[in-house]
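The values are calculated or read from the model by the stated rules, or taken from the named source; none is laboratory data. The structure displayed is predicted, hence computed values, not measured ones. Glycine gets a Cβ as well: all are built from the backbone with ideal geometry, and neighbour counts include every protein chain shown.
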Amino acid sequence: MNFERIRNNMLIGIVTLILISCNNNVEKVENVESKKIEEGIITTIKFTKEQSELASTKTGRITKRSMSNILQLNGKIEVDPSHQAIVSAPMGGYLKSAGMIVGTPIKKGQVLATIENVEFITVQQEYLAAYSTLGYLEQEYQRQQELRKQDVNSKKTFQKIESEYKMIQAKVSALEQKIALIGLNKKAIQDGNISRVTSLYAPISGYIKTSNAVIGDYVTSTDVIFEIVNTDKIHLELNAFENNIGKLAIEQEIKFSLAGEIKFDRIARVVQIGKTSGNDNIIIVHGDISKENIQGLLPEMYVKAKIAYGTQTFEAVPEDAIVEFNEKDYVVLKEKITQEGTIFKLIAIKKGITQDGYTAIEFSEEVLNNKELVLENAYAIISAIKNSLEEE
């Protein structure tokens, strides 16, 4: 229990003691008029000067405030697609080494694991053979080309060499792509260095989110060995019903909090609104999180969000000025100050939206306009009224 709640309970207890006290120095709260609240009749009560001071009420007038309707959404923190990657083995093989555990920070290009496969040897042999043939055919092609210009050889002979040269050229190019995909170095192969082991490299910087690497395990090209995530670029992914799409707009401010937080003091901006919905009629709303609010946020964290829309001017009072009695909402009017004390009245109101500690209210202007209300510790008045009614 926090200090404010303890203080409030103490004040309620003091008011209750005042009501039942027969002390010679303190006058009992006088119930001037009490009728059924549910019939819309005002309940009036009088506090002596001593009782008013003890209740520590603060009064003020209704104010006009610009307030917005609030759309409440749920969602989670997601990583931008460009900041996450999956690492697999394009040709499969046996994991020879794997020292990365979940949460390990890594840099782009860093070796994550080594993989062994005898098929790597076959690919390199094919490449070396094709590469050597390409060197010979390239020279022969250039020689036949010169002879053809001098009309020494036949056109058919030249076309045959040209065809063979282009075919082997294409084969070498394809094998080089395959070698690059495996992670082998073509220059090393050209120098005669053939290896049955290759390395898996990190395609981005970040940290290891998932690791399925076990030494000696055989992995295929479709197996996810590592999942890497970079949290430098995260965003909100909120779920909105399709009937709320008219309330959303690009650049709207989003106030959000994590599942365990009370205050909505983290800020983001709407950057994208989904154009289609699934069978659940949900539209995805993406929010860009400001840099100062990224700290402490991780992918997959659930969030609650509020988006303001339709700003209007309302008559409003602090939330503490509204009290509940017999399942209805009221404010406390400071009706009159006499020599004996202060007379308060309960006035029925209808609550509207609440924003930044203020609640919009609807009321009868003849009753409340330009009059003072109890803005703080109104519960002390309602407690006194309840106790007074119980004594009748």
task: Please name all residue pairs, on different chains or six or more residues apart, with Cβ atoms under 7 Å, provided the first residue is in segment 107-134 and is closer than 14 Å to Ser97 by Cβ and the second residue is part of a loop (DSSP other than H, G, I, E, B) and aromatic (Phe, Trp, Tyr).
output: none
query: Restricting attention to segment 134-149, does a residue exist that is part of a loop (DSSP other than H, G, I, E, B) and exposed (fewer than 15 other Cβ atoms within 10 Å of the Cβ)?
result: no
- line: Here the residues within segment 330-350 that are under 19 Å from Glu362 (Cβ atoms) and touching a residue at least 24 places away in the same chain (Cβ under 8 Å) are Tyr330, Val331, Val332, Leu333, Lys345, Leu346, Ile347, Ala348, Ile349
Within segment 263-296, tally of residues that are among the β-branched types (Val, Ile, Thr) and loosely packed, with under 14 Cβ neighbours inside 10 Å: 1
- request: Evaluate the following for Thr354: is it polar (S, T, N, Q), in contact with a Lys or Arg (Cβ under 8 Å, 6 or more places away or on another chain) and surrounded by 12 or more Cβ atoms within 10 Å (Cβ to Cβ)?
  value: no
statement: The number of residues in segment 302-327 that are at pLDDT 85 or above, surrounded by fewer than 15 Cβ atoms within 10 Å (Cβ to Cβ) and either of a type in the set (Lys, Arg) or not in a strand (DSSP E or B) (or both) is 1
message: I need the full set of residues from segment 219-230 which are surrounded by 14 or more Cβ atoms within 10 Å (Cβ to Cβ) and over 34 Å from the mean Cα position of the chain (by Cα), in order please.
response: Val219
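Take Glu162 and tell me if it is free of Cβ contacts under 8 Å to residues at least 40 places away in the same chain, more than 30 Å from Thr220 (Cβ to Cβ) and out of contact with any helix residue (DSSP H, G or I) (no Cβ under 9 Å at 6 or more places or on another chain).
Considered against the rule, which asks whether it is free of Cβ contacts under 8 Å to residues at least 40 places away in the same chain, more than 30 Å from Thr220 (Cβ to Cβ) and out of contact with any helix residue (DSSP H, G or I) (no Cβ under 9 Å at 6 or more places or on another chain), Glu162 comes out as no.
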task: Name, by its number, the condition in (1) out of contact with any strand residue (DSSP E or B) (no Cβ under 6 Å at 6 or more places or on another chain); (2) in a strand (DSSP E or B) that does not hold for Ala129.
output: (2)
message: Quick check on segment 111-124. Is at least one of its residues surrounded by 14 or more Cβ atoms within 10 Å (Cβ to Cβ), assigned by TED's automatic domain parsing to the domain that holds Lys187, modelled with pLDDT of 90 or more and more than 21 Å from Thr220 (Cα to Cα)?
response: no
message: Condition first: assigned to a strand (DSSP E or B) and under 14 Å from Glu237 (Cα atoms). Now tell me which residues in segment 262-278 satisfy that.
response: Ile267, Ala268, Arg269, Val270, Val271, Gln272, Ile273
- request: Out of Ala305, Ala268, Ala259, report the one residue that is in contact with a Phe, Trp or Tyr (Cβ under 7 Å, 6 or more places away or on another chain) and free of Cβ contacts under 8 Å to residues at least 40 places away in the same chain.
  value: Ala268
query: Which is surrounded by 14 or more Cβ atoms within 10 Å (Cβ to Cβ), under 21 Å from the mean Cα position of the chain (by Cα) and not aliphatic (A, V, I, L, M), of Ser257, Ser199, Ser205, Ser211?
result: Ser257
task: Considering only segment 69-79, state which residues are surrounded by 14 or more Cβ atoms within 10 Å (Cβ to Cβ) and within 12 Å of the chain's Cα centre (by Cα).
output: Leu73, Gly75, Lys76, Ile77, Glu78, Val79
